[in-house]
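Trainee: One structure, pasted below without further comment.
The values are calculated or read from the model by the stated rules, or taken from the named source; none is laboratory data. Since the structure is predicted, the reported quantities are computational estimates derived from the model, not experimental observations. So basically every Cβ, Gly included, is an ideal-geometry build from the backbone, and we count neighbours across all protein chains shown.
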Amino acid sequence: MVSLDGSLSRVENRESTRSVVRYARVSAHKARPVLNQIRSKSVARAEEILAFSERSVSEVISGCLNSAVANANNNNGIPQEELFVSECFADEGPTLKRFRPRARGRATSIFKRTCHLTVVVSRYSESELEAFQTRAELKNANKNLEPEAEFEEEPKSKKRKAASSKEESVEEDVIVEDSEDEESVEEDVIEEDSEDEESVEEDVIEEDSEGDSENDEQNEKEAN
């Protein structure tokens, strides 16, 4: 069960509140590694660590932490944002002894460990709270500067796109001109080839006609 202790204690001259879980059915050896993880952490960070912890004892420690925060808020009026885990420890509780039957009529002992969990939350000092506030303001300022930088980069990107589009259009014009020149050269070559072929054919036809006329004249002479 969770035992709420709303009394105030002084830890390093800080106003603090504690909560105790007595007779938790878990060994102190298993609870201490989890407690070491949340010690000196802020309440929000400690809750996050316990939420993602794979150990079953983290649920019990989370309940104890929430109880301590509630005590500080209700009894002392301290908000959760100003609290951190100043102390947390696990003390050994009574051990429940059980027996398990074994072979040949023997029995072996079973020790069911218990522990007492204590979580103490304290308030940050004024200097620490001011430091946290300045950090938060700097983060917000950086977040506000990021959209402005994006807006400044957009015109540059537009100019780059326009320049790239101009270069592409120039390249396309050059390619079109080259293709047109190549086509005109090919057409000229084809026309020259056709003219040469036609002239050669005409010469061949003339030679054939002259040969035929000479043959006819020889045939007439022989006939006479």
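Trainee: For the subset of region 81-95 comprising residues that are touching a Phe, Trp or Tyr at 6+ places or on another chain (Cβ under 8 Å) and buried (at least 17 other Cβ atoms within 10 Å of the Cβ), which member is farthest from residue 46 (Cα to Cα)?
Mentor: Quick first cut of region 81-95, residues touching a Phe, Trp or Tyr at 6+ places or on another chain (Cβ under 8 Å) only: 82-84, 93-95.
Adding the requirement that they be buried (at least 17 other Cβ atoms within 10 Å of the Cβ) leaves 82-84, 93.
On the way: 82: 13, 83: 11, 84: 8, 93: 25 Å.
The extreme case among them is 93.
Trainee: In region 32-80, what residues are under 18 Å from residue 16 (Cα atoms), of a type in the set (A, V, I, L, M, F, W, C) and surrounded by 20 or more Cβ atoms within 10 Å (Cβ to Cβ)?
Mentor: 35, 38, 43, 46, 61, 64, 65, 68, 69, 72, 78
Trainee: So which of 100, 113, 123 is more than 51 Å from the chain's Cα centre (by Cα) and at pLDDT 85 or above?
Mentor: Step by step, each of 100, 113, 123 is checked, and only 100 is more than 51 Å from the chain's Cα centre (by Cα) and at pLDDT 85 or above.
Trainee: Further, regarding this structure: Got a sec? Which of 99, 132 is free of Cβ contacts under 8 Å to residues at least 40 places away in the same chain and surrounded by 11 or more Cβ atoms within 10 Å (Cβ to Cβ)?
Mentor: Sole residue among the options that is free of Cβ contacts under 8 Å to residues at least 40 places away in the same chain and surrounded by 11 or more Cβ atoms within 10 Å (Cβ to Cβ): 132.
Every residue, every condition in (1) farther than 30 Å from residue 130 by Cβ; (2) in contact with a Cys (Cβ under 8 Å, 6 or more places away or on another chain); (3) modelled with pLDDT under 95, yes or no:
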| residue | (1), (2), (3) |
| --- | --- |
| 21 | yes, yes, no |
| 42 | no, no, yes |
| 49 | no, no, no |
| 71 | no, no, yes |
| 75 | no, no, yes |
| 83 | no, no, yes |
